There are 2 protein chains.
Amino acid sequence: MRKKKRTVFIGKVPVGGNNPVVVQSMTKNPPSKLNEVADEINQLASVGCELIRVAVPTEKDAYFLSDLKKKSILPVVADIHFDGRIAVKAIENGADEIRINPGNFPQRQLTDIIRAAKKRKIPIRIGVNSGSLEKSLVLSASSLADSALRWVKRFEDLGFSDLKISAKSSDAAMTVKTYRILDEKSDYPLHLGVTEAGTVATGAARSAIALGRLLSDGIGDTIRVSLTGDRVDEIAVCYEILRSTGVRNVGARLVSCPTCGRIQIDLTRLAQEVQKIIERIRMPITVSVMGCAVNAIGEAKDADIAIAGGAGYGLIIKKGKIVKNVREADLLSEFKEELIKMELL
Amino acid sequence: MRKKKRTVFIGKVPVGGNNPVVVQSMTKNPPSKLNEVADEINQLASVGCELIRVAVPTEKDAYFLSDLKKKSILPVVADIHFDGRIAVKAIENGADEIRINPGNFPQRQLTDIIRAAKKRKIPIRIGVNSGSLEKSLVLSASSLADSALRWVKRFEDLGFSDLKISAKSSDAAMTVKTYRILDEKSDYPLHLGVTEAGTVATGAARSAIALGRLLSDGIGDTIRVSLTGDRVDEIAVCYEILRSTGVRNVGARLVSCPTCGRIQIDLTRLAQEVQKIIERIRMPITVSVMGCAVNAIGEAKDADIAIAGGAGYGLIIKKGKIVKNVREADLLSEFKEELIKMELL
């Protein structure tokens, strides 16, 4: 059972309360690379990203936020470190939320940041991080959670409570413990994430272990999976975690066999191409891509649409019924056509 | 707390009892492609694979098993469907275990298979699968678990109990429920896996959710992560799951940042290369690859060895101390050299 938190609005997107767990990512480009960052945002939005964070390292980037806001179809969270003046400029230029690690700023600047956020009525995410914990503290789940909660108290004392909290570590077990403490001790919405999780395969696994455990226990209002790699993978992994924990059933689930000595088709490439195609689907369907007869018919029975590969050809199967038998070269285009007929693309 | 199961031996590798959870994978090539499959096995063994399964689709492949056994440094599990004669040949030709889904075979052949396995004293994995459940049953966690347990009973009635069980489904929640039933109702060692989990990123996440939950609850004696992609990723994900659940702390853990608008180095490529290098390390160390100063120093403090990237250069840091400042082009070779000095490679 998810414990009910306060609700904050990032642009028009509500986070917390009874709202669905929100999926977010972060761009690789800063706002001053306006076209590049807008392209990134469009691509991520098309696969289901609902909130976008951008690093704002310079004052110039802060000024570019107002242009980016005109181009972005997603609410924009500005990520700022070290310099409160950049944070204020980011707010003034239209950021829908800012994320700061308050310990990184000259303390006298916090009141300026809070004043600016109040004026534009935007929330602040207090995001502490195992890599930048106050130097006086020994890193542990409780010191990390306590650090976040102390900052929350400080902001409340300064009259600001439109807050969201994150306290990420690069270790799965520490992440789980930290957020359990935050969930117990606070009713602000929680942004879950494992920081610096690694490259795609192992990073997805580490994030899934930690976020899966927390979400299964009803903890978490928005999530980010951070992978060193393609951002589209981050979104796909977020939705896979939400589906596999039963928290939010959105998007197409791919069932594809790992290939073995029985395979007579280039299944890896086929599955990767299918994965790319179905990432745009929001309906909760199951798509199966199998390389041989051993499991294909059984799995296809439970799939909304399936491909079963043979030697140089493939079957397209809908709800267990074979609808097409096509050459390997035509499989993807025929598959796409069927998705369009089903009004999924 | 892991419930104690019986122990079976696959070659010299014990599975069950108090033994470490064993990591396994499956080759893409059949035994008749002798050199290719031997290369696959060597590569997988070098990154920590401890058991290898090979599909044996034909009698010819069964005969090649005796040659493969001479070349393989890992115990070989033969995966056989439909034809009991191939299973018998595989056993006679040196398979260290066979995996069958008994419902796939003419029932009169089971006694032949059992006789052959008894004679050579090798175990059998009874592996049922959501894709090939008896047609009379409606797929659910309990029907899947019951199907496996009925086969176990049948094998016991036929006088054979050197068994391991798996009951895989392509759904994470069903996998968790199925294995909980098996764990409760049986004391045979359990081989965990999500079948046909999908491509690398989402497949790793789905497997991690299911296997992570089970292993955290003390269930599972050997694991396979099945991904449509590179087998080396499967092994890396297995170890990441074992580390992140605290079940088995083996191998190097990579902490690498996801890159953002602050980055001035090709971090994705760097992290992927570092991941490849450290996959051969068996010592439980932490390696950090960070793109900028924001989290680099903090994370590097907790890493055994770290790379912190700048604009065209990088620092190599050991236990928080900067040991080298090198050009971007030399980073990987210098990093490798440090690992060799540390006797990790």
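Any read-out appearing in this document is the output of simple, stated calculations on the displayed coordinates, not a laboratory observation. Note that the structure is predicted; figures quoted are calculated from it, not measured. Here Cβ is always computed from backbone atoms with ideal geometry, including for glycine, and neighbour counts include all displayed protein chains.
Among rounded, prolate and oblate, which fits the range A:1-147 when a ≥ b ≥ c are the square roots of the eigenvalues of its C-alpha gyration tensor, a/c under 1.5 means rounded, and a/b larger than b/c means prolate?
Numbers: a/c = 1.59, a/b = 1.17, b/c = 1.35.
Oblate is the answer for the range A:1-147, as a/c is 1.5 or above yet b/c matches or exceeds a/b.
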*asked:* How large are Rg and Dmax for the range B:1-82 when calculated on the C-alpha trace, in angstrom?
replied: 13.6, 44
*For A:LYS135, label point 7 Å along C-beta direction: distances to other copies, nm*: 7.3
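How much net charge surrounds A:LEU331 when only the other residues with a Cβ under 12 Å from the Cβ of A:LEU331 are counted, with Lys and Arg +1 and Asp and Glu -1?
Working: positive: A:ARG269, A:LYS324, A:ARG327, A:LYS336; negative: A:ASP266, A:GLU273, A:GLU328, A:ASP330, A:GLU334, A:GLU337, A:GLU338.
Computed value for this residue: -3.
For the pairs B:LYS60/B:LYS119; A:LYS3/A:LYS70; A:LYS301/A:LYS341; A:LYS119/A:LYS164; A:LYS318/B:LYS60, note any where the Cα-Cα span goes beyond 24 Å.
Values: B:LYS60/B:LYS119 22 Å; A:LYS3/A:LYS70 35 Å; A:LYS301/A:LYS341 19 Å; A:LYS119/A:LYS164 18 Å; A:LYS318/B:LYS60 35 Å.
Table pairs above 24 Å Cα-Cα are A:LYS3/A:LYS70; A:LYS318/B:LYS60.
Please compute the contact order of chain A in relative form: average sequence separation of alpha-carbon pairs under 8 Å and at least six residues apart, divided by the residue count, as a percent. Before the final figure, lay out the partial values.
Values: 715 pairs, mean separation 44.0, N = 345.
Contact order relative to length: 13 percent.
Output needed for the range B:174-312: three equivalent-ellipsoid semi-axes, defined as square roots of 5 times the C-alpha gyration tensor eigenvalues, in descending order, whole Å.
Numbers: eigenvalues 221, 48, 31 Å².
For the range B:174-312, the semi-axes come out at 33, 16, 12 Å.
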_Using only Cα atoms and rounding to the nearest 10 degrees, what angle (0 to 90) does helix A:34-46 make with the longest principal axis of chain A?_
60 degrees
*Output the peptides B:21-27, B:106-112 sorted from most to least packed, where packing is the average of other Cβ atoms within 10 Å over each peptide's residues.*
B:21-27, B:106-112
*aspartates and glutamates within cross-link reach of A:LYS12: Cα-Cα under 16 Å, excluding same-chain residues under 8 positions apart?*
A:GLU50, A:ASP96, A:GLU97, A:ASP162, A:ASP221
*To the nearest 10 degrees, how steeply does helix A:172-185 sit against the main Cα axis of chain A, on a 0 to 90 scale?*
50 degrees
*asked:* Helix B:331-341 against the longest principal axis of chain B: what's the angle in degrees, Cα atoms only, rounded to the nearest 10?
replied: 70 degrees
*Tally Lys and Arg at +1 and Asp and Glu at -1 over the other residues with C-beta under 9 Å from the C-beta of A:GLU196: what net charge comes out?*
0
*Distances from B:GLY246 to the same residue in each other copy, label points 7 Å out along Cα→Cβ, in nm, shortest first?*
2.5
*asked:* What number does the range A:232-345 give for Rg over Rh if you use C-alpha atoms and the Kirkwood radius?
replied: 0.95
*For chain A, modelled as a Gaussian network with Cα springs under 10 Å, which listed residue fluctuates most, A:ALA201, A:ALA95, A:ALA38?*
A:ALA201
*Counting only Cα, what are the radius of gyration and maximum Cα-Cα distance Dmax of the protein assembly as shown, in Å?*
25.9, 83
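How many percent of all Cα-Cα pairs in the range A:283-341 sit more than 17 Å apart? If you can, show how the numbers build up before the last one.
On the way: 471 of 1711 pairs.
Considering the range A:283-341, 28 percent of its Cα-Cα pairs are separated by more than 17 Å.
Ranking A:PHE64, A:PHE335 by Cβ neighbours within 10 Å, fewest first, what do you get?
Ranking A:PHE64, A:PHE335 by Cβ neighbours within 10 Å, fewest first, gives A:PHE64, A:PHE335.
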_Label geometry 7 Å along the beta-carbon vector: A:ALA311 inter-copy distances in nm_ = 6.0
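Can you tell me the FRET efficiency between B:ARG154 and A:SER46 if r is taken as the Cβ-Cβ distance and R0 is 51 Å, rounded to the nearest 0.05?
Working: r = 51 Å, r/R0 = 1.00.
The calculated FRET efficiency here is 0.50.
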*Could you give P(r) for chain A, binned at 10 Å from zero, as whole percent values over all Cα-Cα pairs?*
6, 24, 30, 21, 12, 7, 1
_Taking the Cα centroid of the range B:113-154 and of the range B:261-314, what is the distance between the two, rounded to the nearest whole Å?_
46 Å
*Count charges around B:LEU267 for me, please; just the other residues with Cβ under 14 Å from its Cβ, Lys/Arg as +1, Asp/Glu as -1.*
-2
